[in-house]
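Contents: one structure, followed by commentary.
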Amino acid sequence: MVGGIYFATQKVEYVWRWYRVPQYFYYKDTVETRAEIEGEVASLTPRGDQVEVLVRGEDEEELYQVPAEAVMVGEGDFVYPGDVLGSYQKWKVGILLQGLWLTLKVSVLAVFLGIIIGLFTGLARISKNPALRWTAITYIELVRGSPLLVQIFIWYFVLGTMFNTLMAKQGMGQLSPLWYGVAALAVFAGAYVAEIVRAGIQSIHRGQMEAARSLGMNYPQSMRHIILPQAFRRILPPLAGQFISLIKDSSLLGIIAVRELTKATREVVTTSLQPFELWFICALLYLVLTFALSMFVQYLERRTAISG
Amino acid sequence: MVKAENVYKTFYTTHKVEALVDVSCQIDKGAVVVIIGPSGSGKSTLLRCLNMLEKADKGHIYIDGVDILDPKTNINEVRTEMGMVFQSFNLFAHKTAMGNLTLAQTVVRKRSKKEAEEKAMALLQKVGIPEKAGSYPDNLSGGQQQRVAIARALAMDPKVMLFDEPTSALDPEMIGEVLDVMKTLAREGMTMVVVTHEMGFAREVADQVIFMDEGKIVEVGTPEHFFQDPSHDRTKLFLSQIL
C-alpha cells in the first residue's frame with residue numbers, strides 16, 4: 001500500500017519534501033537585540049556569559065544584555081535606533097510540537113475529570129435513590145445521544161459566552177476556550193465511563209457485597225474496599241478504549257480555536273503546502289499518544305492482576 | 001439472644017413467593033440451633049432476615065434486645081456482632097486469606113494492622129490452615145476457602161454465628177474439615193444458627209432443631225425428639241426422604 005501511494009503521488013507529480021518537516025518541531029530562531037536610541041557605545045561590561053552594552057546618547061542612556069558571543073558592536077561605535085547590537089540563534093519549539101503538547105494536556109485533563117465524573121455517575125446510576133438514578137440516566141442519555149461536535153459548540157458558544165459575559169460583568173477574567181474544550185470532552189467521556197463503571201460493578205458477584213455488609217461494613221466502605229478494586233481491574237480494557245477515543249476526539253477542539261495537534265497541522269499545511277507529509281506526521285503523533293496510553297493500561301492490568 | 005416474632009417476607013419476582021409466613025423463634029445464648037427443611041422452605045431467607053441481608057416485611061427481630069427492623073437501629077453495628085458464613089464462601093477475591101481476615105477488623109473495628117494480623121493468624125491456626133495466610137481464594141480448595149470464611153467472620157468477635165448451608169457447595173471429602181471447625185466452635189459455647197442438610201451434624205451438635213416447610217416453622221425440638229419421634233407428618237415424610 002505504501003508503494004501504491006508513493007507510485008500514485010509520483011503520477012500526480014507531488015514532490016515529497018520530508019526535510020521540511022523537522023522545522024515544525026524545532027527550529028532555529030534568530031534573536032536580535034536592537035538599539036532604541038541614538039548614541040555611542042560607551043562600555044561593554046562582561047557579566048557571566050552576558051555582556052552589558054551601555055549606549056550613551058545626548059541626554060539619555062540605555063543598557064542592553066547580549067550574550068557574549070553575539071555582540072556585534074565595539075566600544076566607541078556610534079549607533080542609530082534600530083541598529084543591531086547583537087544577534088544570536090536560539091532553538092525554539094515548533095508549532096507541531098506545541099500542538100502535540102496541547103493535545104496531551106487537554107487529553108490528560110479530560111481523562112482525569114472524565115474518570116471522576118464517570119465514577120460518581122456510575123455509582124449514582126446504580127443507586128437506590130430514584131432522584132440520583134434518574135439524574136444519572138438523563139445525563140448519560142443526553143450526552144450519548146448528541147454529536148460531540150455539537151456539544152463542543154454548545155460548551156463554547158452557548159455556555160462559554162454566557163459564563164464569560166457574566167464573569168466580565170463581575171469584572172473578572174475570561175476562561176480560555178481550552179477549558180470549555182476540556183469540559184466538553186470530560187463530560188462526554190464521563191457518560192461512557194459511567195456505563196463502563198456500572199457494568200464493572202454489576203459484574204462483581206452479589207455475594208462480595210453481602211459478605212462485606214455482613215461483616216459490618218457500610219455501603220461506602222464495601223464499595224471502596226471490596227467492589228471497586230475488583231471492578232477496576234475488569235473495566236480497565238474498555239476504559240482504555242474509551243480514553244483512546246477521547247484523545248482522538250480532542251482533534252475536534254480546533255473548531256473552537258484551541259490549537260491542538262490537528263489545528264496546528266492544518267495551519268502548517270496552509271503555510272507550507274506540504275499536506276501529504278504533514279498529515280502523515282499528524283496521524284503518527286496521535287498514534288504515539290494512543291499507543292503510550294495502551295501500554296500504560298497494559299502495565300496497570302499486569303500490576304493489578306491477582307498474583308499467586 | 002436472637003428472637004424473631006411473627007416475621008413475614010414475600011418476594012415478588014416472576015410470581016409472588018411467600019418465603020416466610022408468621023415465623024417466630026428464639027435462640028438462646030450459647031445454643032446451637034439447626035434449621036432444616038426442603039429447598040424453598042424459607043430457611044435461608046429466615047437466616048438472611050436475621051442480619052438484614054433480606055429485610056423482613058413485617059414482624060420484629062431482636063438481636064441482643066435490639067429491634068433490627070426499627071429504622072433507627074444502626075444495622076452495621078448489629079452486623080459486627082453477627083458473623084455470617086455463606087454457601088458460596090464469598091471470600092474477597094482480590095485479597096489474600098490474611099487480607100480477608102484483617103480488612104473488616106481494621107475498617108470496622110478500627111484495630112491496628114499489627115493487632116488485626118495477630119488475630120488473623122491465631123484464627124487461621126484455629127481453623128487449621130495458617131500456612132495459607134498468603135494465598136488468594138482462587139488457589140484454595142473449597143474446604144479451605146470455607147474455613148477462611150469462618151475465620152473471617154470470627155475475626156470480628158461476633159456474639160452469634162449464622163451459617164447458610166456452609167457445606168452444600170463442597171466436595172464430599174471436604175465437608176468433614178468444615179464441620180470439624182463448626183463443632184469446635186459449638187463446644188466453645190458460640191451461639192450458632194445453622195441452615196444445613198447435614199443431618200449428622202444436627203444430631204450430634206444441635207441443642208435445638210427447627211424444621212421449616214413452605215415458609216412456616218413446622219416443628220421445633222431437641223434432636224432426639226426430632227429424629228426419633230417427630231410429631232408432624234410433614235417432618236416424618238421429610239426425614240424418610242433424606243435418611
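We did not get these values from a lab; they are worked out from the coordinates using the rules stated. Worth saying up front: this structure is predicted, and the values here are computed from it rather than measured. For neighbour counting, all protein chains shown are included, and Cβ atoms are generated from backbone atoms with ideal geometry for every residue, glycine included.
Scan the stretch B:127-150 and report the pairs whose first residue is within 10 Å of chain A (Cβ to nearest Cβ) and whose second residue is in a helix (DSSP H, G or I), with Cβ atoms within less than 6 Å and a gap of 6+ or a chain change.
Here the result reads B:Ser135/B:Ala97; B:Pro137/B:Gln145, each pair linking the stretch B:127-150 to a residue that is in a helix (DSSP H, G or I).
Of the residues A:Ala211, A:Ala136, A:Ala194, only one is closer than 30 Å to A:Lys263 by Cβ, touching a helix residue (DSSP H, G or I) at 6+ places or on another chain (Cβ under 9 Å) and buried (at least 17 other Cβ atoms within 10 Å of the Cβ); which?
Sole residue among the options that is closer than 30 Å to A:Lys263 by Cβ, touching a helix residue (DSSP H, G or I) at 6+ places or on another chain (Cβ under 9 Å) and buried (at least 17 other Cβ atoms within 10 Å of the Cβ): A:Ala194.
Report yes if some residue within the stretch A:220-234 is among the polar types (S, T, N, Q), at the interface with another protein chain (Cβ under 8 Å from one of its Cβ atoms) and within 18 Å of A:Ala124 (Cα to Cα); otherwise report no.
Yes, because at least one residue in the stretch A:220-234 is among the polar types (S, T, N, Q), at the interface with another protein chain (Cβ under 8 Å from one of its Cβ atoms) and within 18 Å of A:Ala124 (Cα to Cα).
Being hydrophobic (A, V, I, L, M, F, W, C) and over 18 Å from the mean Cα position of the chain (by Cα), is that true of even one residue in the stretch A:246-257?
no
I'd like the full set of residues that are more than 30 Å from A:Phe25 (Cβ to Cβ) and either in contact with a strand residue (DSSP E or B) (Cβ under 7 Å, 6 or more places away or on another chain) or not in a loop (DSSP other than H, G, I, E, B) (or both), limited to the stretch A:76-97.
Answer for the stretch A:76-97, where residues must be more than 30 Å from A:Phe25 (Cβ to Cβ) and either in contact with a strand residue (DSSP E or B) (Cβ under 7 Å, 6 or more places away or on another chain) or not in a loop (DSSP other than H, G, I, E, B) (or both): A:Gly76, A:Asp77, A:Phe78, A:Val79, A:Gly82, A:Asp83, A:Leu85.
Return yes when B:Leu20 is without any contact (Cβ under 8 Å) to a residue 40 or more places away in the chain, touching a helix residue (DSSP H, G or I) at 6+ places or on another chain (Cβ under 7 Å) and outside any loop (DSSP other than H, G, I, E, B) and no when it is not.
Spelling it out, it is not the case that B:Leu20 is without any contact (Cβ under 8 Å) to a residue 40 or more places away in the chain, touching a helix residue (DSSP H, G or I) at 6+ places or on another chain (Cβ under 7 Å) and outside any loop (DSSP other than H, G, I, E, B).
The rows are residues; the columns are (1) out of contact with any Leu (no Cβ under 9 Å at 6 or more places or on another chain); (2) outside any helix (DSSP H, G or I); (3) among the hydroxyl-bearing types (Ser, Thr, Tyr).
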residue: A:Ala8; (1), (2), (3): yes, no, no
residue: A:Thr30; (1), (2), (3): yes, yes, yes
residue: A:Glu36; (1), (2), (3): yes, yes, no
residue: A:Ala42; (1), (2), (3): no, yes, no
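For the stretch B:163-184, state whether one or more residues are away from chain A (no Cβ under 14 Å), closer than 25 Å to A:Glu210 by Cβ, among the acidic types (Asp, Glu) and touching a residue at least 24 places away in the same chain (Cβ under 8 Å).
The answer is yes; a qualifying residue exists.
Quick test for you: out of B:Lys113, B:Lys119, B:Lys72, B:Lys58, pick the one residue that is of a type in the set (D, E, K, R), touching a strand residue (DSSP E or B) at 6+ places or on another chain (Cβ under 8 Å) and more than 12 Å from chain A (Cβ to nearest Cβ).
B:Lys58
Kindly check whether there is at least one residue in the stretch A:200-212 that is more than 22 Å from A:Phe120 (Cα to Cα) and within 14 Å of chain B (Cβ to nearest Cβ).
So far as the stretch A:200-212 goes, yes, one or more of its residues are more than 22 Å from A:Phe120 (Cα to Cα) and within 14 Å of chain B (Cβ to nearest Cβ).
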